[in-house]
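What follows is a short report on a single structure.
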Amino acid sequence: MNKLSADDVCQAFIAPKSTLAFTPKQWQQLVLILRHQQLLACYSSTFKQAGIFEQIPKQTQRHFLNADVLAQNHKKQVVFEAAELKRELADKPQYLIFLKGAGYTLSGAPVGDTRIYNDIDILADKKSIDAIEKRLCLIGWLSEELTEHDEKYYRKWAHEIPPLRHGKRGTIVDVHHNIVPIISGRHLDADKFATNTVTTEDGFQILSFAAMTLHSLIHLFFNEEVKKGYRDLIDLHTLITTNNNEAFWLDLITLAKETDFGLELFLACRYTQKILKTEVPESVQKEISQFCPWNIAFVDFIYEKTLKPNHPLCKPKFFALAEFAVLIRGHFQKMPLHILIYHLLCKGGVSVIQSIFGKHVFTKELDQP
Amino acid sequence: MSDNYFIDLHPFSFSVNTALPQVIQNLSTIYGSRFRKLSTEVADYELSVQKSSGIRSFIKPQARFFCDQQEPFKPLSFQKAYAFLEWGMNWTVAGNEVQHVIIHSAVLAKGNKAILFPAPPGSGKSTLTAYLAHNGWRLLSDEMALIIPNTQTVVPFVRPICLKNQSIDIAKTLFPDGKFSDIAKDTHKGDVIHLSPPESSWENQTNTAELVGVVFPNYRANQDLQIYQLDKTQAFMQLVDNAFNYSVLRETAFSTLTNVIENVQTFEIFHNDLAQVAAFLEQEIIDFE
Amino acid sequence: MHSFSDQSGCVFLDVHSGETLSVLMSEADILKVLSGEIILDKKTTQNIAIRSLIQKNILLPLDCKNTDV
């Protein structure tokens, strides 16, 4: 029996009918890989849209149906929490924007349909952060215990305050005042970025689809970890595919140039195309080719491996090496060298090794609602 | 070297990867023919129990539990490895399965009439479960009652009965032929042993039953049998408190449990005599109508 | 909302939060409280339960009908 490869998993998404040749064991592997990537509900919806759900073995169908229910519930819970936050913080900040997963969900667009995530991210103006933290503390959102170093790092260098957890419901909120760390020296004008928003029917402020896409690709390519790389790539694919029109691309390219994230936009288009066969208009490809980095062969080496489904069952050769390269690349982008060395020393070699080789790294996922 | 095993536990199945002889031996004692070396079977969940690695393992070895790549719990001391796996199986089902409303409760049936026994630890629920299972009742589950949404139908999920502390000696005296696991000492529940239900429960592993009663048992050493009829609102709220996936299933769970409570008898009982309880259940709930 | 046939009380599911709440009063009595026909002692659990349901917008007091709005 053939083991499923990472490419088979991608192919199942691009051309769902390819799965009809799967053996029951291969289906089982697909379920394991997708559960690990929090993509069961996403694929479930893909298979339903392709009209092949009924042809999936019954035992496997149950896993997808379970994931559907969990994703639906997740959505309801997020809408409830977001409404709480909006109400409680109504008079505090100038703006309160729901980012990433929560933003996807609240947008009502396909990108948020089956998305499962561990925390709710919000962006607010820096001046209001203290008031927000105090208010949230009053209504049960408390900061978790951090080591002194972590606390200091967050406060001084990061683009967010330490995560707050609701004492009763266990939900976690990340309050950001910028979308990239201050430390990187590349931080963009958050107040300006925050003007690229829309208000949903239910009155939630979220990023426009162009800004949402930009944030999503910055998060993926301006980062030191890609544990959920494949899932993030599917987000980008969905955002691009469902907004594939001139106005969207114009906004996105303009915004990328303004904020100096052209390289990341280039990479996003390159790897969604390579891995998920995403359609990117030729004119766009031409326009962003100016951002192609000199070391593209190296960048290809690391991202073509790490952005594919990542599970021990289907890990490509040199995966650990590529993942390590992402870690180093991400850290270098974010921190000046002397701070990076200090940070890594304080974190201790152990935790860096753990973040590379995965020992205990999944414990955090328990926080999933 | 670690091997892959398969446990067929209707309606779910598990593969277990382990190299620990104590785990293999206990699984074999408890699950009998339902436990075997994995060949072509496709399991719902891939679990593993391993000895922790590193220097620490020479001084004080620990067991680690994994559900695929996830490690939901901190390692436990080595001698609890099998009990750890049992709890890991519960965690796996509770966290992933939402096709049934799952109640933290024992379920036992006579014929196809079933009674739910939801109760907190220390209420003597498992001793009662073990007694009934060895006295003409069949066990559908000791810890997890699977109710098909919007019905009163319970799907068996036959598993060993988990006995704690002083119940261990009582059970060993009452059921000298019982198939017991090793004792896991000093767990968060105290000392714990698992007891395999009698063969008749296993044979009916796939036969559903219809709920006719919900009984909250309480063992009180100095109290003769006392029975209180519970009002439906209180019984419902207590069921909700014991439901694993209630918050996920929401409307479905709400309507399922209100329907169950409307259609069954609900009692709270205090007792110090298992035989009296069994007689009451049979006369007043099973033979009722 | 479900009102139990033994008149022991009513249970409510808050569809937004997923929380379940109960009031140990029959549906008819709850309606009387809402319309002001029965006044409950402030300290009773029933009163607290009903007020929490009103706060969560699950129950509405019926005296709204007197207003001109």
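The values are calculated or read from the model by the stated rules, or taken from the named source; none is laboratory data. Quantities reported herein were computed from a predicted structural model and do not represent experimental measurements. Neighbour counts run over all protein chains shown; Cβ positions are idealised from the backbone, glycine included.
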Inset, instruction - Kindly indicate whether any position in region B:116-137 is within 14 Å of chain A (Cβ to nearest Cβ), surrounded by 21 or more Cβ atoms within 10 Å (Cβ to Cβ) and not hydroxyl-bearing (Ser, Thr, Tyr). - result: no
Inset, instruction - Might you check whether a residue that is at pLDDT 95 or above and under 16 Å from A:Val198 (Cα atoms) occurs anywhere in region A:71-85? - result: yes
Inset, instruction - Go through region C:20-55 residue by residue and tally those that are within 26 Å of A:Glu81 (Cα to Cα), of a type outside the set (A, V, I, L, M, F, W, C) and either at pLDDT below 85 or in contact with a Leu (Cβ under 8 Å, 6 or more places away or on another chain) (or both). - result: 2
Legend entry - Close pairs from region B:112-137: first under 25 Å from B:Val240 (Cα atoms), partner assigned to a helix (DSSP H, G or I) and not aliphatic (A, V, I, L, M), Cβ under 7 Å, at least 6 apart: B:Phe117/B:Lys125; B:Phe117/B:Thr129; B:Pro118/B:Gln238; B:Ala119/B:Lys125; B:Ser126/B:Ser167; B:Thr127/B:Ser167
Legend entry - Residue count for region C:1-22, restricted to those that are facing chain B (nearest Cβ under 8 Å) and either among the hydroxyl-bearing types (Ser, Thr, Tyr) or surrounded by 20 or more Cβ atoms within 10 Å (Cβ to Cβ) (or both): 11
Inset, instruction - For B:Glu284, state whether it is part of a helix (DSSP H, G or I) and either away from every other protein chain (no Cβ under 13 Å) or without any contact (Cβ under 8 Å) to a residue 60 or more places away in the chain (or both). - result: yes
Legend entry - Residue that is surrounded by the most Cβ atoms within 10 Å (Cβ to Cβ) [pool: residues in region A:45-65 that are touching a residue at least 24 places away in the same chain (Cβ under 8 Å), within 13 Å of chain B (Cβ to nearest Cβ) and in a helix (DSSP H, G or I)]: A:His63
Legend entry - Residue tally, condition in contact (Cβ under 8 Å) with a residue 24 or more places away in the chain, away from every other protein chain (no Cβ under 14 Å) and of a type in the set (Ser, Thr, Tyr), over region A:4-44: 3
Legend entry - Filter pass, B:Ser28 being surrounded by fewer than 17 Cβ atoms within 10 Å (Cβ to Cβ) and farther than 25 Å from B:His188 by Cβ: yes
Inset, instruction - Being within 19 Å of the chain's Cα centre (by Cα) and assigned to a helix (DSSP H, G or I) is the filter here, so list the residues in region A:82-115 that pass it. - result: A:Ala82, A:Lys100, A:Gly101, A:Ala102, A:Gly103, A:Tyr104, A:Thr105, A:Leu106, A:Ser107, A:Pro110, A:Val111, A:Gly112
Inset, instruction - Among what's in region A:201-252 and is buried (at least 23 other Cβ atoms within 10 Å of the Cβ) and polar (S, T, N, Q), pick the residue that is nearest to the chain's Cα centre (by Cα). - result: A:Ser216
Legend entry - Residue list for region A:66-82, restricted to those being within 11 Å of another protein chain (Cβ to nearest Cβ) and β-branched (Val, Ile, Thr): A:Val69, A:Val79
Inset, instruction - Show the residue pairs that are 6+ apart or on different chains and have beta-carbon atoms under 7 Å apart, the first residue being within region A:195-216 and free of Cβ contacts under 8 Å to residues at least 40 places away in the same chain, the second being among the hydroxyl-bearing types (Ser, Thr, Tyr). - result: A:Val198/A:Ser208
Legend entry - Residues of region B:148-185 that turn out to be touching a residue at least 40 places away in the same chain (Cβ under 8 Å), part of a loop (DSSP other than H, G, I, E, B) and farther than 30 Å from B:His100 by Cβ, as a count: 1
Legend entry - Index of the failed condition, A:Val79 passing every other in (1) touching a helix residue (DSSP H, G or I) at 6+ places or on another chain (Cβ under 8 Å); (2) closer than 30 Å to A:Gly140 by Cβ; (3) not in a helix (DSSP H, G or I): (3)
Inset, instruction - Tell me, please, whether a residue that is among the polar types (S, T, N, Q) and either surrounded by 18 or more Cβ atoms within 10 Å (Cβ to Cβ) or part of a helix (DSSP H, G or I) (or both) can be found in region B:190-197. - result: yes
Inset, instruction - Kindly provide the set of residues from region C:23-35 that are within 19 Å of C:Asn57 (Cβ to Cβ) and away from chain B (no Cβ under 14 Å), ordered by number. - result: C:Leu31, C:Val33, C:Leu34, C:Ser35
Legend entry - Which numbered condition B:Asp177 fails, given (1) closer than 24 Å to B:Pro120 by Cβ; (2) surrounded by fewer than 22 Cβ atoms within 10 Å (Cβ to Cβ); (3) away from every other protein chain (no Cβ under 14 Å): (1)
Inset, instruction - Kindly check whether there is at least one residue in region A:92-110 that is of a type in the set (Lys, Arg), farther than 16 Å from A:Ile172 by Cβ and within 14 Å of chain B (Cβ to nearest Cβ). - result: no
Inset, instruction - Please enumerate the residues belonging to region B:14-73 that are under 30 Å from A:Leu65 (Cβ atoms), within 14 Å of another protein chain (Cβ to nearest Cβ) and either in a loop (DSSP other than H, G, I, E, B) or of a type in the set (Lys, Arg) (or both). - result: B:Leu38, B:Ser39, B:Thr40, B:Glu41, B:Val42, B:Ala43, B:Asp44, B:Asp68, B:Gln69, B:Glu71, B:Pro72, B:Phe73
Inset, instruction - Identify the single condition in (1) within 13 Å of another protein chain (Cβ to nearest Cβ); (2) surrounded by fewer than 20 Cβ atoms within 10 Å (Cβ to Cβ); (3) not hydrophobic (A, V, I, L, M, F, W, C) that B:His100 does not satisfy, given that it satisfies every other one. - result: (2)
Inset, instruction - Looking only at region B:75-89, decide whether some residue is assigned to a helix (DSSP H, G or I), within 14 Å of chain A (Cβ to nearest Cβ) and either at positive phi or crowded, with 17+ Cβ neighbours inside 10 Å (or both). - result: yes
Legend entry - Total residues in region B:203-261, condition away from chain C (no Cβ under 13 Å), buried (at least 16 other Cβ atoms within 10 Å of the Cβ) and without any contact (Cβ under 8 Å) to a residue 12 or more places away in the chain: 0
